[in-house]
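Please treat every number below as a calculation from the coordinates, not as lab data. These figures come from a predicted structure and were not determined experimentally. Quick reminder, even Gly has a Cβ in these numbers, built from the backbone with ideal geometry, and neighbours come from all protein chains shown.
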Amino acid sequence: MALAVFPVVNRLRVALATWLHKFKVCGCSGSGFFGIGWFRMGSAEEKVVAVIMVGGPTKGTRFRPLSFNIPKPLFPLAGQPMVHHPISACKRIPNLAYIYLIGFYEEREFALYVSSISNELKVPVRYVKEDKPHGSAGGLYNFRDLIMEDSPSHIFLLNCDVCCSFPLPEMLEAHKSYGGMGTILVIKVSAESANQFGELVADPTTHELLHYTEKPETFVSDLINCGVYIFTPDIFTAIQGVSTQRKDRANLRRLSSFEALQSPATRSLPSNFVRLDQDILSPLAGKKQLFTYETREFWEQIKTPGMSLKCSALYLAQFRFTSPDLLASGDGVRSANIVGDVYVHPSAKIHPTAKIGPNVSISANARIGAGARLISCIILDDVEIKENAVVLHAIIGWKSSIGKWSRVQASEAVSVEDEVVVINSIVLPNKTLNVSVQEEIIL
């Protein structure tokens, strides 16, 4: 009987935290109920929770073949798993209580990484699996009891396939000054590329979100949504409102002939499937609930293997300021000649006559031969690059072998024999190339 009570208690926590945020009762904020520390005086004691959406195997097909044998969030960028970069950024958030990863992958695929990163950062990280798609906002709501377990005053929501500097502490301070329900990280892009993203209009003085539209057919604004958010617990009330309205409309359609006029997609959309952009951001724009924080640093989406090369280079450049100890160095005498930003895993073996960089990431147990030249590339685990081979703007997949004097320019268990040239090609696993190829897909 006690087990059945816990969800109800947690829903009460969500409701009370929302009420306290809205009315600031007695100057208290967000904690302390039933003797478990709900009322904590002062903003310094407020807890923050971060949620990172990592997707799942049914999505991200554009990232193949790299995602065939490893979850996309664990693919290395600048020598660290893709999801590691937003997690590390969350570590800088004041009063961070917990980090949750939400996705469709099996829990065993993240178990080792989650344990390792929790110990490394001294912050609890937990992966939770969705049983079915709930939408970007519905997925958050589905785990509301878990997210609100520590009674956080603020909730960060990040997308894993976003590459940026993640200015989360600054964003939190701006959000508190706005006093709204949510704040969206935004950036200006070219007018030609804006329609690939959610475009928005914000008040230049107050930063209030005035209008939001997802991938419009006609140009609206060069200000786009970066896929990084911070919310108060009020977000759960807003999501619940959408679900309730959808249920009411579904009941009305069942009682009328109006249902026959609806499209199949509209009729079949579940009430608990809530999209953050179309169902939350667009309706709340212009209602003094949502605000924006503009970043002037780098931002990209990681949708394709080619984009992972660019994002790896951006993170390597960021390491100069955040983690200089991760960058390799060498003068070409006792160690390889290192040029620019380069990451080398401690287990990798590189001949002193090799020249590496700029923008190169070399993973575990890689072997780089004498005279090899590597520029703007990602070398994955157990790769062998033989003497005098050249790799430019390429991703060399797990267990691949690049032959002597060969040239790979922009692949798992792929072998490139001696003196072969590969340019602008995609090579699927378990292939041996004994002839040169250019602008081909080798299946």
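At a glance:
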{"read-out": "Full-stretch length increase - Arg92, Gln196 - with 0.36 nm per residue and alpha-carbon distance subtracted", "value": "34.4 nm"}
{"read-out": "Cα-based reach from Lys386 at 30 Å (exclusive), listing lysines while leaving out same-chain residues under 8 positions away", "value": "Lys72, Lys310, Lys349, Lys355, Lys399, Lys404, Lys431"}
{"read-out": "Loop-located GluC sites (Glu not before Pro) in the range 77-184, at most 14 other Cβ atoms within 10 Å (DSSP)", "value": "Glu106, Glu107"}
{"read-out": "Which of Lys399, Lys122 has the fewest Cβ neighbours within 10 Å, and the rest in rising order", "value": "Lys122, Lys399"}
{"read-out": "For the range 356-373, 3J(HN,Hα) per residue [Karplus equation, 6.51 cos²θ - 1.76 cosθ + 1.60, θ = phi - 60°, Hz, x = Gly/Pro]", "value": "10, x, x, 6, 10, 10, 10, 8, 4, 6, 6, 10, 10, x, 4, x, 5, 10"}
{"read-out": "Selection of GluC sites (Glu not before Pro), the range 191-234, meeting DSSP coil and at most 11 other Cβ within 10 Å", "value": "Glu192, Glu217"}
{"read-out": "Difference of contour (0.36 nm per residue) and Cα-Cα distance, Phe298 to His345", "value": "14.4 nm"}
{"read-out": "Order of Arg144, Arg108, Arg126, Arg367 - criterion: other Cβ atoms within 10 Å of each residue's Cβ, fewest first", "value": "Arg108, Arg126, Arg367, Arg144"}
{"read-out": "Where labels lie 7 Å past Cα in the beta-carbon direction, separation of Arg334 and His211 in nm", "value": "6.4 nm"}
{"read-out": "Net lengthening on full extension, Lys247/Ser177 (0.36 nm per residue, minus Cα-Cα)", "value": "21.7 nm"}
{"read-out": "Most positive-pole-ward Cα, Ala313, Ile362, Gly332, against dipole of the range 306-419 from beta carbon charges", "value": "Gly332"}
{"read-out": "Rounded FRET efficiency, nearest 0.05, which uses the C-beta distance separating Asp203 from Leu392 and R0 of 51 Å", "value": "0.65"}
{"read-out": "Cβ-derived FRET efficiency at R0 25 Å, Lys288 paired with Val189, nearest 0.05", "value": "0.45"}
{"read-out": "Taking Ser347, Ser323, Ser151 and counting other C-beta atoms within 10 Å, the order from fewest to most", "value": "Ser347, Ser323, Ser151"}
{"read-out": "Global form of the range 75-218, assessed from the alpha-carbon gyration tensor, a/c cut-off 1.5", "value": "prolate"}
